[in-house]
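Take a look at the structure set out below.
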Amino acid sequence: MAVYDGLMKQDLGWIGPGGEVLDAAVFGTKAALLSRAACVGVPVPPAFVMPEALLEEERLEATLREAVARLSAGLEGPPLLSVRASSRGSGSDVVPAILNIGASGDAMPELIARHGPRVAQDMRRRLIQSFGVGALGVEEEEFEYALFDLLRELGVEAESDLDAGQLADLAETCLRLIDDATGAAFPEDPCDQLVRAVREIARAWHAPRARLRRLSRGFDEDAPLALMVQVMAIGLGTGRSSGAGVAHPRDPATGAARMSGRYLVNAQGGEAMMGLRTPSVLCRWEREEKQLREPSLEEGDPAATAELASISQRVERELGEVFSLDFTLAGGSVQILELYQLKRSARATVQIAVDLAEAGAITREEALLRTGPGVIDEHLHPTIDPAAKRDVVGQGLPASPGASSGPLVFSPRAAEQAAELGEPALLALIETSPEDIRGMHAATGVLTVRGGMTSHAAVVARGLGTPCVVGAQNLTLNVEEKTLKAPDGRIFREGDVITVDGGEGQVLAGAVPTLMPEITGAFATLMSWADAARRLDVRANADMGSDAETALGFAAHGIGLCRTEHMFFQDHRIAPMRQMILADGEADRRAALDKLLPMQRGDFMELFTQMRGMPVVIRLLDPPLHEFLPHGTGEMEEMARELKVPVDKIRARALELAEFNPMLGKRGCRIGIAFPEVYEMQVRAIFEAMADFKAQTGQDSLPEIMLPLVSAVRELALLKERIADVAEAVRAERGASLDYSLGVMIETPRACLRAGDIARLADFLSFGTNDLTQMLYGLSRDDAGRFIPDYVAQGVYEHDPFHQIDEEGVGEMIRIGIERARAVKPEISIGLCGEHGGDPESISFCEAAGFDYVSCSPYRVPVARLAAAQAAIRARR
């Protein structure tokens, strides 16, 4: 039997008059919520709740008799009872309830006198059926077949058309089914029924079928059990004021206060949603909108609908949450049988949290804490309509949220051509590389069959806000034949329409309806509360003016990472960049760089103009130079024609630059030291843009120049001196004051260990956690996606370290770096600019570790703002 957190709780819990708020850990969520509702005046049938441990007591029968006697006090005659499971969390409905316990043969005269012959016979028939299923193991279909046979024989449509005699005959048929299936007579003693009901529901709770059902629905398969014994609310009768249903007080899509639901006449429990009979809708608006003939409950019994609305409002106000309500009408009187959290979209989640806080039902801090960062992420992108049918053909990693449909294309150039015609295109590749950036900009969605959460495709797509699924290994992509084959054998060709759901990591056939985001109203209110609560600044990774504009739209406080290499992949820039790489000497390199200088200056001018005095962290060139050269023969030949150089020279240069492990090779600050003129051009462009910006606007810009991959303080010292020389030259040429900061991207273990030395010469440090994770783990972030899911599934890693900071290893190294840097320079600014900057768990670590800011993709900025607020709130508590 289950033990509740090691505590064997022997006391019964009581719901109703004289009851109190029950502990969900002991009595289960269903009972705990009902007890809270009853305590604030919601009409709930009285009940007692017993922890499963009581089933082991010898006095079980006596305990149940005493509890039923207390439950019956003040009622007219012995009540009929139900037994339902109640468990911590949810998933209690994986075992069926047993209803109408006590509707025995001996009780029929009294039941007929109180409720009439038809209702009394229906109660008994329902007891026999629910007890047969829940306690005796008879398959529910056996009883349903018996009912259908009787309806067909009598020529009537529904069980509500049966009279008392016909229901009595049906009950006898059900008794024979039980005798045939079990070989034993049906128990007629109410106490025997109750004892067997609680024991059999407990047995069913631990059976493999129920465990698997809980597991499949995301609940704890080993969840402990409590048993709720409750007075029945009798919803039986032919009038519209007797029945059962479910009420949803708010619109699940928008969160607006508009009630909807289903109602079934002559019903008990959850029959309205079982599909055995067609229910009517709850409210008139829903009937009219759906053009239904059957009158709504509101039209048949407006007083009951008004009472449901009043109860819902009381629950919201007193419990501080929006719940769907399972209810029964007994002669027009509402009784609430269960409360469960209203299912809601991301938009509705935000609206409800804000409404509850503004109404005083919860605090603003509670509104922030109960809004998951994933909700905000989903809120910012088009999402698949929950009502839409999903034809899933592939599964990968949810690399960039949102949903997008479009005709398949298999090359970046094809995506660009589609964009030029104003048409959507969904770009499918084996994996992406920096030279694919233009096609990714043009595509409405991206799909790769390789890669992980921090692969090139994932990082760029998140920065662009483009829906993206990566690592869809169960799809077979043939670039030459331009086909995408699904596991079920279906083949999608260029032009065929598919959909990527970057929030779920799914690939779907055809175009799927989507819901558009809403970022004003409640969303803006919630984010203003987050900004007031957080300590960490949130900046954005932005490489060009359009990125900066997007970041400002999401209220980023500056740019935390501008990756200057992305600027060079644009059409009119890649040629001079390649000329520089092919140059035979410094003079030729400088000639090519002179062509890039005005382009870079314009880039930085655009960023300064967009940010208007906010900090802009500009990382100097980082990737190895071979990434700017074409790879295939055809591309090399095209480059040779464009640059008017022999193709053999391109091949030779590519071979010369090739490295066995380019991420650990000649990249980052090593390029700036080996080819000083490259970094000199970039910083001159920065300084000239500063001067131009000041001359045009009268305002100062705040560039923070960042050196990548520094691992030795001497690297910083050399480059700092050269940058200062360029700054002095521009000052002399322009007569302008140039106030800039110089910092280091900490992304090697050695840089963490020598952070104290580095801090003496640096104005700021920014941790590049992508590379730092690679180096500490010895993993390639582009290849690790092939096996990390297996590692996580088997518990080797608790989570993907490229998606969430590994606090034990990477986190400890970061803490060492921060501690040593601030021991030398307490005021030094420290940020994080890896992909972890948009991960809520990683942001919690940053709050605890004392970071000043995090930087993330523009579309992750609101997520980071909320996560930073939540981390600050938790730190204060």
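The values are calculated or read from the model by the stated rules, or taken from the named source; none is laboratory data. Since the structure is predicted, the reported quantities are computational estimates derived from the model, not experimental observations. Here the Cβ positions follow ideal geometry from the backbone for every residue, glycine too, while neighbour counts run over all protein chains shown. Ligands, DNA and RNA are excluded from the accessible area calculation, which covers all protein heavy atoms including side chains. Shrake-Rupley method; radii C 1.70, N 1.55, O 1.52, S 1.80 Å.
Matching residues to (1) more than 30 Å from residue 701 (Cβ to Cβ); (2) under 21 Å from the mean Cα position of the chain (by Cα):
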| position | (1), (2) |
| --- | --- |
| 474 | yes, no |
| 482 | yes, no |
| 516 | yes, yes |
| 519 | no, yes |
| 533 | no, no |
| 542 | no, no |
| 550 | no, no |
| 554 | no, yes |
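Tell me, yes or no, whether the range 338-355 has at least one residue that is modelled with pLDDT of 95 or more, more than 20 Å from the chain's Cα centre (by Cα), more than 21 Å from residue 91 (Cβ to Cβ) and not aromatic (Phe, Trp, Tyr). Looking through the range 338-355, at least one residue is modelled with pLDDT of 95 or more, more than 20 Å from the chain's Cα centre (by Cα), more than 21 Å from residue 91 (Cβ to Cβ) and not aromatic (Phe, Trp, Tyr). So residue 843 ticks every box in (1) over 22 Å from residue 538 (Cα atoms); (2) open to solvent by less than 10 Å² (accessible area, probe 1.4 Å) but one. Which box is left unticked? Tallying (1) over 22 Å from residue 538 (Cα atoms); (2) open to solvent by less than 10 Å² (accessible area, probe 1.4 Å), residue 843 fails exactly one: (1). Aliphatic (A, V, I, L, M) and surrounded by fewer than 17 Cβ atoms within 10 Å (Cβ to Cβ) - does that describe any residue in the range 675-693? Within the range 675-693, none of the residues are aliphatic (A, V, I, L, M) and surrounded by fewer than 17 Cβ atoms within 10 Å (Cβ to Cβ). Against the numbered list (1) modelled with pLDDT of 95 or more; (2) open to solvent by 30 Å² or more (accessible area, probe 1.4 Å), residue 320 comes up short only at (2).
So, of the residues in the range 791-806 that are open to solvent by 70 Å² or more (accessible area, probe 1.4 Å) and more than 21 Å from the chain's Cα centre (by Cα), which turns out to be modelled with the highest pLDDT? Here the residue is 796. You will find that of 194, 212, 236, 225, the residue that is in contact (Cβ under 8 Å) with a residue 40 or more places away in the chain, of a type in the set (A, V, I, L, M) and either in contact with a Pro (Cβ under 9 Å, 6 or more places away or on another chain) or open to solvent by 20 Å² or more (accessible area, probe 1.4 Å) (or both) is 225 and no other.
For the range 805-835, the set of residues classified as in contact with a helix residue (DSSP H, G or I) (Cβ under 9 Å, 6 or more places away or on another chain) and not in a helix (DSSP H, G or I) consists of 805, 806, 807, 809, 825, 828, 830, 831, 832, 833, 834, listed by residue number.
Yes/no per residue for (1) farther than 25 Å from residue 141 by Cβ; (2) modelled with pLDDT of 90 or more:
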{"residue": "175", "(1), (2)": "no, yes"}
{"residue": "190", "(1), (2)": "yes, yes"}
{"residue": "193", "(1), (2)": "no, yes"}
{"residue": "202", "(1), (2)": "no, yes"}
{"residue": "215", "(1), (2)": "no, no"}
{"residue": "220", "(1), (2)": "yes, no"}
{"residue": "223", "(1), (2)": "yes, no"}
{"residue": "227", "(1), (2)": "yes, yes"}
{"residue": "232", "(1), (2)": "no, yes"}
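Taken together, 504, 549, 518 contain a single residue that is under 23 Å from residue 839 (Cα atoms), open to solvent by 20 Å² or more (accessible area, probe 1.4 Å), in contact (Cβ under 8 Å) with a residue 12 or more places away in the chain and not in a loop (DSSP other than H, G, I, E, B), which is 549. In the range 356-393, the residue that is surrounded by the fewest Cβ atoms within 10 Å (Cβ to Cβ) out of those that are closer than 23 Å to residue 843 by Cβ and of a type in the set (Asp, Glu) is 366. Among the conditions (1) more than 24 Å from residue 510 (Cβ to Cβ); (2) of a type in the set (Asp, Glu); (3) without any contact (Cβ under 8 Å) to a residue 24 or more places away in the chain, the only one that residue 423 does not satisfy is (1). Just wondering, is there one or more residues in the range 542-563 that are of a type in the set (Lys, Arg) and touching a helix residue (DSSP H, G or I) at 6+ places or on another chain (Cβ under 6 Å)? Looking through the range 542-563, none of the residues is of a type in the set (Lys, Arg) and touching a helix residue (DSSP H, G or I) at 6+ places or on another chain (Cβ under 6 Å).
When the range 503-539 is limited to residues that are among the β-branched types (Val, Ile, Thr) and in contact with a strand residue (DSSP E or B) (Cβ under 7 Å, 6 or more places away or on another chain), the one that is nearest to residue 382 (Cα to Cα) turns out to be 514. When the range 552-570 is filtered for residues that are among the charged types (D, E, K, R) and modelled with pLDDT of 95 or more, nothing remains.
Exactly one residue among 719, 709, 772, 738 is buried (at least 16 other Cβ atoms within 10 Å of the Cβ), in contact with a Cys (Cβ under 7 Å, 6 or more places away or on another chain) and either more than 24 Å from residue 623 (Cα to Cα) or touching a residue at least 60 places away in the same chain (Cβ under 8 Å) (or both), and that residue is 709. A single member of 723, 650 is in a helix (DSSP H, G or I) and more than 17 Å from residue 564 (Cα to Cα), and it is 650. Just so you know, in the range 78-110 the residues that are in contact (Cβ under 8 Å) with a residue 24 or more places away in the chain, part of a helix (DSSP H, G or I) and of a type outside the set (S, T, N, Q) include one that is farthest from residue 231 (Cα to Cα), and it is 94.
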